[in-house]
Amino acid sequence: MREFDTRQRVYLYLCGVFLTALLIGDTIGSKLFTVDIPLGFTVLHATLSVGAIWFPITFLLTDVINEFYGTRGARLVTYLGFWMAIMAYVVIWVARQIVAAPFSPISHVVFESVFGNANRIFVASLIAYIIGQLLDISIFHYAKELTKERHIWLRSTGSTLVSQLVDTVVVTYIAFYGKITIEQLHQAAVTGYAVKVLLAIGLTPVIYALHAFIHRRLGVPDAPPGA
């Protein structure tokens, strides 16, 4: 039996982490929290979904996959994530239809209150996800050709900032419209995007570290020009 080579194994691991971050983010996304982020001259009062913590990982890994496996590899994991998210939604929906036993540690009401609110989150996340991911992949590819494959930080941060703006607006307004006030909705979108901008900038060293590890330590070559 032919074994997987290093390039294939790395792709599988990257896809596995990508799918885990995506599905976990979708599942826990209905819980909101507030956090104060000091910015030196001011404090950003952010209202965020706990799912938003993990979504930047998907955009980070999309860029890494794009770097080593080209747009085909990045789109493959994007579409895989889309179908797996739908599968997760169906699994949760079926679980919600089964009435809990009287002695169940988690009552039917509690289970429904948690996962019943995930309906709009899943729909919003799927729409925002597929638009944002494909936009990120296209911008990254265009920037890579434009910069002659130099300046990883520029194409990674630039593609993430644009795609995350679209992702944040779509997911916030579809998921929470009518659930919270318009003021809270606007605040959630603005602060959510601001946090994602900070994360995108903060994750830039991780991009370089992952690229160096995969390229130099594991010996995986970059995707050929135009891939």
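What about Ala223, is it among the hydrophobic types (A, V, I, L, M, F, W, C) and not in a helix (DSSP H, G or I)?
Spelling it out, Ala223 is indeed among the hydrophobic types (A, V, I, L, M, F, W, C) and not in a helix (DSSP H, G or I).
Being surrounded by fewer than 18 Cβ atoms within 10 Å (Cβ to Cβ), in contact (Cβ under 8 Å) with a residue 60 or more places away in the chain and either of a type in the set (Val, Ile, Thr) or at positive phi (or both) is the filter here, so list the residues in segment 185-213 that pass it.
Result: Val206, single match.
Report yes if some residue within segment 63-74 is surrounded by 15 or more Cβ atoms within 10 Å (Cβ to Cβ) and of a type in the set (Lys, Arg); otherwise report no. Spell out how you get there, then give the answer.
As a first pass, look at segment 63-74 and keep what is surrounded by 15 or more Cβ atoms within 10 Å (Cβ to Cβ): 63-71, 73-74.
Checking which are of a type in the set (Lys, Arg) leaves us with none.
No, segment 63-74 has no match at all.
Give Gln133, Gln97 a once-over and let me know the one that is surrounded by fewer than 18 Cβ atoms within 10 Å (Cβ to Cβ) and either touching a residue at least 24 places away in the same chain (Cβ under 8 Å) or more than 14 Å from Thr172 (Cα to Cα) (or both). It would help to see each step written out before you state the result.
On the way: Gln133 fails: surrounded by fewer than 18 Cβ atoms within 10 Å (Cβ to Cβ).
Of Gln133, Gln97, the one residue that is surrounded by fewer than 18 Cβ atoms within 10 Å (Cβ to Cβ) and either touching a residue at least 24 places away in the same chain (Cβ under 8 Å) or more than 14 Å from Thr172 (Cα to Cα) (or both) is Gln97.
Please tell me if Ser125 is touching a residue at least 24 places away in the same chain (Cβ under 8 Å), surrounded by 17 or more Cβ atoms within 10 Å (Cβ to Cβ) and in contact with a Leu (Cβ under 6 Å, 6 or more places away or on another chain).
No: the conditions fail for Ser125.
Residues are listed down the side, and each one gets a yes or a no for (1) exposed (fewer than 15 other Cβ atoms within 10 Å of the Cβ); (2) free of Cβ contacts under 8 Å to residues at least 60 places away in the same chain:
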| position | (1), (2) |
| --- | --- |
| Leu12 | yes, yes |
| Gly16 | yes, yes |
| Ala21 | no, yes |
| Gly81 | no, no |
| Met87 | yes, yes |
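On the given criteria, is Thr62 within 25 Å of Gly158 (Cα to Cα), in a strand (DSSP E or B), touching a residue at least 12 places away in the same chain (Cβ under 8 Å) and among the β-branched types (Val, Ile, Thr)? Show your work before the answer.
On the way: within 25 Å of Gly158 (Cα to Cα): yes; in a strand (DSSP E or B): no; touching a residue at least 12 places away in the same chain (Cβ under 8 Å): yes; among the β-branched types (Val, Ile, Thr): yes.
Spelling it out, it is not the case that Thr62 is within 25 Å of Gly158 (Cα to Cα), in a strand (DSSP E or B), touching a residue at least 12 places away in the same chain (Cβ under 8 Å) and among the β-branched types (Val, Ile, Thr).
Can you tell me which residue among Ala101, Ala52, Ala128 is more than 20 Å from Tyr193 (Cβ to Cβ) and small (Gly, Ala, Ser)?
Testing whether each residue is more than 20 Å from Tyr193 (Cβ to Cβ) and small (Gly, Ala, Ser) leaves just Ala101.
Out of all the residues in segment 1-26, which are more than 25 Å from Asp167 (Cα to Cα) and among the polar types (S, T, N, Q)?
Those that are more than 25 Å from Asp167 (Cα to Cα) and among the polar types (S, T, N, Q): Thr6, Gln8.
Of the residues Ile37, Ile86, only one is among the aliphatic types (A, V, I, L, M) and at pLDDT below 90; which?
After ruling out the rest, the residue left standing is Ile37.
Are there any pairs, at least 6 apart or on different chains, whose C-beta atoms fall under 9 Å, with the first in segment 137-164 and at positive phi and the second at pLDDT below 80 and not in a helix (DSSP H, G or I), and if so, which?
Final answer for the pair search is Lys148/Pro225; Glu149/Asp222; Glu149/Pro225.
I'd like the residue in segment 11-57 that is of a type in the set (Ser, Thr, Tyr) and over 12 Å from the mean Cα position of the chain (by Cα) and, out of all such residues, is nearest to Phe176 (Cα to Cα).
Out of the qualifying residues, it is Ser30.
Within segment 70-82, identify whether any single residue is in a helix (DSSP H, G or I), farther than 19 Å from Gln8 by Cβ and out of contact with any Gly (no Cβ under 7 Å at 6 or more places or on another chain), and answer yes or no.
Yes, segment 70-82 contains at least one residue that is in a helix (DSSP H, G or I), farther than 19 Å from Gln8 by Cβ and out of contact with any Gly (no Cβ under 7 Å at 6 or more places or on another chain).
The values are calculated or read from the model by the stated rules, or taken from the named source; none is laboratory data. As the structure is a prediction and not an experimental result, all values here were calculated from the model. Neighbour counts run over all protein chains shown; Cβ positions are idealised from the backbone, glycine included.
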